Amino acid sequence: MEAIKLLMFLCSIDLHEANTTGKDVPVFVWLLFARDTSETPSQFLRHHLNPVGDSSGVEQVEMCLLGHALQTTLQTFRLHQCGKEEFVTLYPQAEGQDCTNQLPLIAEDDRHYNTVLR
């Protein structure tokens, strides 16, 4: 878990730097650093990444960062949304994105996820 959080933190540093220098970044980066509690990567680490696995789960914007950091698309199944548009969600989701490299997950409650082994 800590290795994944470190990977996400390092990715957030790169994305934050790219964003502040005017380079193109995915839309989720704007949302990630728009929160009062994560305007910088260090605040993001302190307020959002450190508690993951201990006292909090993963928010949707952090799921986008995780997928981006892993260079894959997280295909999330929300079983409680069966038959609705939100049943399957992709993180990060980009128009025209090649979704051949996907990691399937089952969401318990939009904060806790289980990996599906194939």
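The values are calculated or read from the model by the stated rules, or taken from the named source; none is laboratory data. Everything quoted here is computed from the prediction, not taken from an experiment. All Cβ positions, even for glycine, are placed from backbone atoms using ideal geometry, and neighbour counts span all protein chains on display. Accessible surface areas use protein heavy atoms only, side chains included; no ligands, DNA or RNA. Shrake-Rupley method; radii C 1.70, N 1.55, O 1.52, S 1.80 Å.
Observations
- Rounded to the nearest Hz, the phi-derived 3J(HN,Hα) couplings of the range 72-83 under the Karplus curve 6.51 cos²θ - 1.76 cosθ + 1.60 (θ = phi - 60°) are 8, 9, 7, 9, 9, 9, 9, 4, 6, 9, 3, x, where x marks glycine and proline.
- Most mobile of Asp24, Asp54, Asp36 in a GNM of the chain (Cα contacts under 10 Å): Asp54
- Sorted largest first by accessible area at a 1.4 angstrom probe radius, with every protein chain in place, the residues Thr72, Thr115, Thr100, Thr40 fall in the order Thr100, Thr115, Thr40, Thr72.
- Between Thr40 and Arg111, the distance separating the two model label sites (each 7 Å from Cα on the Cα→Cβ line) works out to 2.8 nm.
- Of the residues Arg111, Arg35, the one with the largest accessible area comes first in the ranking Arg111, Arg35, computed with a 1.4 Å probe on protein heavy atoms.
- Solvent-accessible surface of the chain, averaged per residue with a 1.4 angstrom probe and all protein chains in place: 62 square angstrom.
- All-pairs Cα distance distribution in the chain, expressed in whole percent, bin size 10 Å: 13, 45, 34, 8, 0
- Expressed to the nearest 5 percent, the antiparallel share of DSSP beta bridges inside the chain is 50 percent.
- Cα-centre dipole for the chain with unit charges at Cβ (Lys and Arg positive, Asp and Glu negative), debye to 20: 180 debye
- Exposed-site-free run, longest, the chain (rule: GluC sites (Glu not before Pro); DSSP loop; at most 15 other C-beta within 10 Å): 40-94
- Here the accessible area is traced with a 1.4 Å probe on the protein chains. For the chain, carbon and sulfur cover 54 percent of it.
- Residue-by-residue Karplus 3J(HN,Hα) for the range 12-29, coefficients 6.51, -1.76, 1.60, Hz, glycine and proline x: 5, 5, 4, 5, 5, 4, 4, 5, 6, 9, x, 7, 5, 9, x, 4, 4, 5
- The helix-based estimate of mean residue ellipticity at 222 nm for the chain, built from -39,500 (n - 2.57) per DSSP H run of four or more residues and divided by its residue count, is -10000 deg cm²/dmol to the nearest 500.
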